[in-house]
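Asker: Here it is: the structure, laid out below.
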2 protein chains.
Amino acid sequence: MKRRNFIKDSAITASTFSVFPNILSSVSDMSSVRLGFIGVGARGMETLELALRRKDIVVTAICDIDTIHAEKAKKLVEENQGNRPVLFTSGPYDFENMLSAGTVDAVIISTPWEWHTIMSVAALKQKIAVGCEVAGAASIEECWQVVRAVEDYHTPFMILENVCYRRDVMAVLNMARKNMFGELIHLEGGYQHDLREVKFNNGQQLYGGGVEFGDNGYSEAKWRTLHSVHRNGDLYPTHGIGPISNLLHINRGNRFTTLSSMASKSRGLHNHIVQHSQGGLDHPNSKIKFKLGDVVVSFIQTQNEETIVLTHDTNLPRPYSLGFRVQGTKGIWMDINKSIYLEGMSPSHKWETAETYLKEFEHPLWKKYESDASGSGHGGMDFFVLNAFIEALKNKEPMPLDVYDHATWAAITCLSEQSIQQGGMPQEFPDFTNGKWMKRKPVFALDDRY
Amino acid sequence: MKRRNFIKDSAITASTFSVFPNILSSVSDMSSVRLGFIGVGARGMETLELALRRKDIVVTAICDIDTIHAEKAKKLVEENQGNRPVLFTSGPYDFENMLSAGTVDAVIISTPWEWHTIMSVAALKQKIAVGCEVAGAASIEECWQVVRAVEDYHTPFMILENVCYRRDVMAVLNMARKNMFGELIHLEGGYQHDLREVKFNNGQQLYGGGVEFGDNGYSEAKWRTLHSVHRNGDLYPTHGIGPISNLLHINRGNRFTTLSSMASKSRGLHNHIVQHSQGGLDHPNSKIKFKLGDVVVSFIQTQNEETIVLTHDTNLPRPYSLGFRVQGTKGIWMDINKSIYLEGMSPSHKWETAETYLKEFEHPLWKKYESDASGSGHGGMDFFVLNAFIEALKNKEPMPLDVYDHATWAAITCLSEQSIQQGGMPQEFPDFTNGKWMKRKPVFALDDRY
């Protein structure tokens, strides 16, 4: 699909459904965006650094409950941009003052998961565009809240799902669009990342060094670990499901219909506490019973009858792997063995190294922006996700990963919790588009613009 | 566990439950076994060839509805053993005459899946030991039938699950028994094998060359393909679940509790017919609607709270892979990337090549029998499975893969069909041991005997 056609089609779609009749009326000067940051912890700072590399962003406001973080961020802005952003550090609701100050066109939200919805909705109500970090939802209702805010206030929302921009993932998307895998049949992905030293630290360093969390922990361990104490489900679905969603045109001609999940026993976090040199059986945290199963696997079925397996595996010793598998009627790619098989091209019944194909079918975006992306976070992905948010905003075009993507992906977390609670019973997916999925067209990374 | 202890424990178990109070009273001379073959098609012939290598087997009877196959098998026996086996080729029920002729102590059953139960039960009723090829069940009741026959007639039954003896699988079992993976948490396996040229041929050759099946097909295409026409489930679960079952001590201190499955759309077989040079849209088989989803994935949960993902993927172009994953609190092995990670041994967060470990922890059976196994079917596995059946029989010891294993594994097929029919609803696993699983001890490959 050519970009021009897409714009045309998307105009048709817009007139049919009128989601953004007056997109971004709040952005006064489209050549640059006045950007605010809510949350400048470890993740927020990474995005801030990327933002400061751009000439089309002016960072005008920074909000964090931690004054040290906020000051550090402010200093970075001053050094790089010359201007002095206004700080909002007066407690957890000071973001409301930042949003009503009238100094930002858009915000980046990089706060603990449970704050994403309330902050996003507050911004959208002020017609401030939102780029929100990824998370799972605690309730279906909180997904609807963001959807309603976008629809009611005609203000863009982008879910900053960076893995959608991973180099191999985009090359495979490019290949799939050229029909090289044929009709897609079965996909897998997940989040398989040993987070034990993220969930526990010594209260001073970002990772490890102790078995503390909550009030005694630092950074993510302060809040993220609590979800492992209390919840049993796929707590972090977006890195796996984002790329799959783009490949299957979810909410754009297709949709998720049901999800069911199962969870293994929970051993990894307790063992980590007990076996750690700073822990042991006498450490109070050794008494905690973690609800999160070490491995949580979810089945997702789609309207177009593809199957998806999504794995969440964060408590056990293991190398990082998102475990992607893209399988169609003509071939299969898997990332774990870096291999591909395409009927009629690969030697019969034998895997080929994926690298050759991934290079040959490099996505246009990566071809164009490789040097800009290099050195940016997470192997370049972070460059692309911020770039897309800012460019779509400036061009008053639909967000490439929008509120329906966000709601659908985030819902996986609470649906999987429900399914596990019910012994693996399938759960119906809400249709957050209210039927618009039948007419909506793909917009994600159709060319080399963003 | 030392072999001696095992024998002792197993004696206790036997006196508690009295499954085989008078095991194998029908085998007159324990130094050699009079063996009959029911089914000497492609698979039966492979096993026959292996049997003829052994001095402790006399092949006395051969049954097949296909006279050409039977004669070929007879000739092979004569050439190798000197004796002339009696042939039973008078229609599908001639196996009954073979079983009542009093000339066999044991039979190998390698017939179409739907015949396994009726033939096994008929043999067991005659106190003839059964070594049965693997298959999925069409009903839970047929699983119970074999269980009841073994229990009622005190006659051994072994399911000939050869992948349980795969070299890497046994090395990993050995490592797991040494606690190198810690407490097991999550396992995966399956049957991922492009069977399109098995399901369709030209009626003359074993594999491919046409798109015929059923009456117009040859060998497996004659009967196996029909299951893909009519059934939607995991049609062939044992190669994946067998090794997993041994690792998790299923029916021996643990058991499967629930299963749920999902199936993708069905495209591969139809496409194969339409795109084949001998097929096309005008070929009558292009009108057939295959029920079998191209990819069927099942979740299995266990009493001890491990999780299992089992994949069945036989209709699409892909390299062969059973997709094993064995993951515990201390590490993980995957066969797709031939890699292993063990905490404290592997470099932090990095995969290691599995080969080094697999060699170092080679199972005692493979160490002892490597040269005997070499050249036998399926990379040596076939040697071990027949060897185990014959040795256990001669020694009047429990079958290493017994009727409870068989029933539990075969049940997966009909349970997965039911779950798919019900949109992914979890299905309860029957306890084919009627509670004996709580006391039964592992017996599979505990040492280097068989």
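Asker: Restricting to the stretch A:214-242, name every residue that is of a type in the set (F, W, Y) and under 30 Å from A:T307 (Cβ atoms).
Answerer: A:Y236
Asker: How many of the residues in the stretch B:372-422 are over 30 Å from B:R231 (Cα atoms) and not in a helix (DSSP H, G or I)?
Answerer: Number of matching residues: 9.
Asker: Here is a follow-up. Please enumerate the residues belonging to the stretch A:292-336 that are among the charged types (D, E, K, R) and outside any strand (DSSP E or B).
Answerer: Those that are among the charged types (D, E, K, R) and outside any strand (DSSP E or B): A:D294, A:E305, A:E306, A:R318, A:K330, A:D335.
Asker: Select from the stretch A:44-89 the residues that are of a type in the set (D, E, K, R), over 18 Å from A:T111 (Cα atoms) and part of a helix (DSSP H, G or I) and list them in ascending order.
Answerer: A:K75, A:E78, A:E79
Asker: If you don't mind, another one. Find the residue count for the stretch B:99-111, including only residues that are more than 23 Å from the chain's Cα centre (by Cα) and of a type in the set (S, T, Y).
Answerer: Going through the stretch B:99-111 one residue at a time, the tally reaches 2.
Asker: Got a sec? Which of B:S266, B:S277, B:S228 is more than 28 Å from the chain's Cα centre (by Cα) and closer than 23 Å to A:E183 by Cα?
Answerer: Within the list B:S266, B:S277, B:S228, the selection yields B:S277.
Asker: Identify, please: which residue in the stretch A:246-273 is open to solvent by less than 40 Å² (accessible area, probe 1.4 Å) and assigned to a helix (DSSP H, G or I) and is, among those, farthest from the other protein chains (Cβ to nearest Cβ)?
Answerer: The selected residue is A:N246.
Asker: All but one of (1) out of contact with any Ser or Thr (no Cβ under 8 Å at 6 or more places or on another chain); (2) closer than 30 Å to A:G293 by Cα; (3) among the polar types (S, T, N, Q) hold for B:S277; state the number of the condition that does not hold.
Answerer: (2)
Asker: Suppose the filter is under 24 Å from A:L259 (Cβ atoms) and under 23 Å from the mean Cα position of the chain (by Cα); does B:L310 pass it?
Answerer: yes
Asker: Now for a separate question. Restricted to the stretch A:178-226, and to residues that are acidic (D, E) and away from chain B (no Cβ under 13 Å), which residue is nearest to A:M345 (Cα to Cα)?
Answerer: For the stretch A:178-226, the residue satisfying everything is A:E220.
Asker: So A:Y369 fits all but one of (1) open to solvent by 30 Å² or more (accessible area, probe 1.4 Å); (2) at pLDDT 95 or above; (3) part of a loop (DSSP other than H, G, I, E, B); what number is the exception?
Answerer: (3)
Asker: Read through the list (1) facing another protein chain (nearest Cβ under 10 Å); (2) without any contact (Cβ under 8 Å) to a residue 60 or more places away in the chain; (3) at positive phi, then give the number of the only condition that B:G375 fails.
Answerer: The single condition B:G375 does not satisfy is (1).
Asker: Now a separate question. Just to check your reading of the model, which residue among B:E96, B:E114 is touching a residue at least 60 places away in the same chain (Cβ under 8 Å) and either over 23 Å from the mean Cα position of the chain (by Cα) or at negative phi (or both)?
Answerer: Going through B:E96, B:E114 in turn, just one is touching a residue at least 60 places away in the same chain (Cβ under 8 Å) and either over 23 Å from the mean Cα position of the chain (by Cα) or at negative phi (or both): B:E114.
Asker: On to the next question. Please verify whether A:S264 is of a type in the set (S, T, Y) and free of Cβ contacts under 8 Å to residues at least 40 places away in the same chain, treating the condition exactly as stated.
Answerer: yes
Asker: Would you mention how many residues in the stretch B:279-313 are open to solvent by 20 Å² or more (accessible area, probe 1.4 Å), touching a residue at least 24 places away in the same chain (Cβ under 8 Å) and closer than 22 Å to A:H312 by Cα?
Answerer: 3
Asker: Now for a separate question. Please find, within the stretch A:338-363, the residue that is farthest from B:S264 (Cα to Cα) out of those that are assigned to a strand (DSSP E or B) and open to solvent by less than 70 Å² (accessible area, probe 1.4 Å).
Answerer: It comes out as A:E352.
Asker: Also: Across the stretch A:314-337, which residue is surrounded by the fewest Cβ atoms within 10 Å (Cβ to Cβ) among those that are of a type in the set (D, E, K, R) and facing chain B (nearest Cβ under 8 Å)?
Answerer: A:K330
The values are calculated or read from the model by the stated rules, or taken from the named source; none is laboratory data. Just so it is clear, the model here is predicted, and its values are computed rather than measured. Here the Cβ is made from the backbone with ideal geometry for all residues, glycine too, and neighbour counts use every protein chain on show. Side chains included, ligands, DNA and RNA excluded: accessible areas come from the protein's heavy atoms. Shrake-Rupley method; radii C 1.70, N 1.55, O 1.52, S 1.80 Å.
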